[in-house]
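Working notes for the structure below.
Read-outs throughout are calculated quantities, based only on the coordinates presented, and are distinct from any laboratory measurement. Given the structure is predicted, the values throughout are model-derived calculations rather than measurements. Here Cβ is always computed from backbone atoms with ideal geometry, including for glycine, and neighbour counts include all displayed protein chains.
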Amino acid sequence: MFENLIRLTLTASLILVPASQSIAAPALAAPAAQNAQFAETSRAFLDAYWRALPDAAIGAGKFDEAARQDIPDAASRQRTREFAATWTARLAQIDGATLPPSQRSDLLLIKNELASIAWNLDTFRSYTWNPAEYNMSESLDAIFNADYAPLEARLRAISQRLANGPAYYSAALANIANQTSEHTRLAIAQLPGAGSLLDSIGKAAQASQLTASEKETFALRLQQNHAAIDTYVAALTALERQAPANARPFRIGKALYDAKFGYDIQSGFNAEQTYSRALLAKEELLQRMQQLTQQLWPKYLGNVAKPEGRTRQIKMLIDKMSENHVARGELFAEVRRQIPQLEQWVTSHDLLTLDPSHPLIVRETPVYKRGVAGASIDAPGPFQAQRATYYNVTPIDDETPEQAESFLREYNQWMMQILNMHEAVPGHYVQLIHSNRSPSLIKSVFSNGAMIEGWAVYGERMMLESGYGGDTPEMWLMWSKWNLRSVTNTILDYSVHVLDMSEADVKSMLVNQAFQSDNEANGKWRRLQLTSVQLTSYFSGYTEIMALRDEQKKSLGAQFDQKKFHETFLSFGAAPVNVIRSLMQP
Ligand code: ZN
Ligand code: ZN
């Protein structure tokens with residue numbers, strides 16, 4: 001249940017998109033020539049995009065229309081459909097071959113986004129079967145916590161949004177036609193968090209400088225929103241209680257999976273090829289882990305007899321090593337302690353340039369965001385230069401002693417370091433800061449999840465290669481286990497959604513072949529039911545980055561400079577690795 005996660009669905013958190021005017025441009029070669037006409041077209045496109053999808057604007061940190069709460073009804077979908085069709089037709093007129101490379105790739109990204117919007121509306125149609133898509137909290141929280149305007153102005157925007165709350169939740173309910181049981185239960189579990197967010201905003205409103213009559217209106221709207229959420233949850237609970245035998249299965253099937261993989265991952269490989277590559281990678285990792293196990297056995301298990309079979313031996317050693325973990329109450333302190341160490345290492349080993357003016361804040365995951373991922377990075381959007389980056393860690397205070405112990409063993413002494421590399425340094429946090437300087441707003445806004453996750457996974461490996469953690473067999477064994485998790489994520493996501501793999505087989509692969517705890521296996525099964533394709537982004541992006549680095553080493557020979565490779569790679573914003581590859585050609 002504690003796992004890194006970036007982006008769940010098209011509508012969920014665009015929280016990760018970066019870029020800011022306040023940071024100097026990266027030390028790239030002279031800015032590439034721009035086609036002025038296309039630059040104008042892409043500006044006009046973005047203006048239309050923000051109008052069509054106001055919550056995407058909020059996610060990107062653009063608050064000029066913060067007061068506008070869209071109601072997810074048929075008219076709204078029709079407007080979005082028309083927006084996508086109009087711009088698809090308009091962009092079809094442009095001959096990409098006439099554009100400089102960076103703009104050519106921007107054009108591809110915009111076209112992909114438009115095709116994805118249309119496909120989601122007319123083919124995937126999760127708005128009819130995923131009740132958890134409806135939750136106003138993400139934007140309300142962003143407006144409430146942003147610093148783009150004084151508190152009172154933000155509260156007025158929130159108040160206007162809340163006026164649409166009852167219509168929002170009743171349109172949501174009207175959209176639900178054949179919900180999956182899994183997403184219905186998720187919505188029922190998450191929406192009370194939306195209620196507590198309303199309560200804290202309400203308290204701030206009453207304590208603010210709003211006029212007495214504004215406060216009265218605010219309080220009334222809050223009440224109406226509470227009631228709307230309660231009604232929505234009650235209706236979902238009733239639907240779930242009826243548990244129709246013909247409820248939609250959560251498995252999306254091959255046709256939807258292949259298409260979604262194409263839009264979301266944008267890899268040089270298709271879904272099935274990526275799955276096949278993951279099967280090979282799994283075998284390679286297990287062979288390496290087997291060797292490391294032979295090496296480490298005497299140190300941790302002395303003369304204890306080895307059980308039959310490769311995976312049993314590896315598992316027994318990892319179990320023994322996992323006893324080395326922090327105490328339950330030390331989790332946050334340990335995460336906080338490690339961040340500066342990682343930063344120090346990255347700088348002193350010339351791996352990357354860091355930006356101390358944008359520090360990382362470790363905090364407990366806000367309540368309404370809990371439920372799917374245990375750790376995540378919440379970074380400012382492209383128009384939100386000054387906002388802090390948060391490292392959200394879901395607390396384990398409410399877990400039973402057994403659950404907490406299982407969690408702490410999983411994030412043992414070695415694994416905790418790898419997690420922090422992934423989430424923070426040099427992973428997500430650092431990548432997003434670099435992406436902030438991207439000269440292409442399009443690449444920042446339409447960030448590619450596989451590039452983002454791939455970079456975080458690559459970052460772990462790069463740190464170990466540089467000697468972090470002492471280049472010990474322990475560190476490499478735990479890294480292999482962690483990497484095996486990305487690989488297994490890919491195998492399981494495809495197996496569950498396309499090949500109909502059973503819950504028992506999923507959990508058995510996780511526990512017996514990927515060395516996950518029962519807790520982790522349960523959490524992963526839950527995530528497999530609630531998401532699709534996203535779990536393949538780690539392995540997909542990672543393997544493409546590794547291949548690109550090999551290619552660059554080969555072509556540059558002695559000229560290859562790792563720091564330069566990293567900074568150039570990160571300078572294009574979170575474009576698909578395939579696109580970055582074409583931009584890095586000399
Ligand atoms: Zn991640
Ligand atoms: Zn213990």
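Overview of values
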| quantity | calculated |
| --- | --- |
| Phi-based couplings in Hz for segment 535-548 (Karplus 6.51, -1.76, 1.60; Gly and Pro marked x) | 5, 8, 5, 4, 5, 4, x, 4, 5, 5, 5, 4, 5, 5 |
| Tensor-based shape of segment 442-572 (alpha-carbon gyration tensor, a/c under 1.5 rounded, otherwise prolate or oblate) | oblate |
| Cα-derived Rg to Rh of segment 347-476, Kirkwood definition | 0.99 |
| Shape of segment 270-344, Cα gyration tensor, a/c cut at 1.5 | oblate |
| Beta bridge orientation in the chain: antiparallel %, DSSP, nearest 5 | 40 |
| Segment 86-129: trypsin sites (Lys or Arg not before Pro) falling in loop per DSSP and having at most 12 other Cβ within 10 Å | none |
| Calculated [θ] (222 nm, deg cm²/dmol) that DSSP helices of n ≥ 4 give over the chain, each run adding -39,500 (n - 2.57) | -20000 deg cm²/dmol |
| Positive minus negative residues near Gln552 (Lys, Arg vs Asp, Glu; Cβ under 12 Å) | +2 |
| Interchain or long-range residues, amide H under 5 Å from Phe250's placed H | none |
| Derived scalar couplings ³J(HN,Hα) [segment 340-352; Karplus, 6.51 cos²θ - 1.76 cosθ + 1.60; whole Hz; x for Gly, Pro] | x, 5, 5, 4, 4, 5, 4, 6, 6, 9, 6, 8, 6 |
| Phi-based couplings in Hz for segment 471-488 (Karplus 6.51, -1.76, 1.60; Gly and Pro marked x) | 6, 7, x, 4, 4, 5, 5, 5, 4, 4, 4, 5, 5, 4, 5, 4, 4, 5 |
| Peptide ranges 148-155, 457-464 listed from the most packed, as the mean C-beta count within 10 angstrom indicates | 457-464, 148-155 |
| Calculated FRET value between Thr347 and Gln223, using beta carbons and R₀ = 35 Å, to 0.05 | 0.10 |
| Two-site label geometry, Ala238 and Gln294: point separation in nm, points 7 Å out along Cα→Cβ | 6.6 |
| Binned Cα-Cα distance frequencies in segment 263-308 - 5 Å width, integer % | 5, 17, 16, 14, 11, 10, 9, 8, 7, 3, 0 |
| Approximate spin-label separation Ala36-Lys563, in nm, with each point projected 7 Å along Cα-to-Cβ | 3.8 |
| Gain in span if fully extended, Ser200 to Leu279, counting 0.36 nm per residue against the direct Cα distance | 23.7 nm |
| Descending semi-axes in Å of segment 58-210, equivalent ellipsoid built from Cα gyration tensor | 33, 23, 13 |
| nm² value of the averaged projected area, convex hull over the Cα atoms of segment 314-365 | 5.9 |
| Sequence-separation-based contact order of segment 419-464, relative, with Cα cut under 8 Å and 6+ spacing, percent | 57 |
| Extreme residue, positive dipole direction of the chain, given options Tyr263, Tyr468, Ile201 (C-beta unit charges) | Tyr263 |
| Among the listed pairs Lys282/Lys524; Lys260/Lys443; Lys282/Lys315; Lys315/Lys507; Lys62/Lys203; Lys111/Lys563, those beyond 21 Å (Cα-Cα) | Lys62/Lys203; Lys111/Lys563 |
| Nonlocal amide H pairs with Asn436, under 5 Å, H built at 1.01 Å | Ala19 |
| Two-site FRET efficiency, Ser357 against Leu151, from Cβ-Cβ distance with R₀ of 22 Å, rounded to 0.05 | 0.35 |
| Nearest-0.05 FRET efficiency for Glu465 and Glu323, computed from C-beta distance (R0 30 Å) | 0.65 |
| Computed lengthening from Val511 to Ile71, 0.36 nm per intervening residue step minus Cα-Cα distance | 154.1 nm |
| Span per principal axis, largest first, for the Cα atoms of segment 197-303 (Å) | 73, 45, 35 |
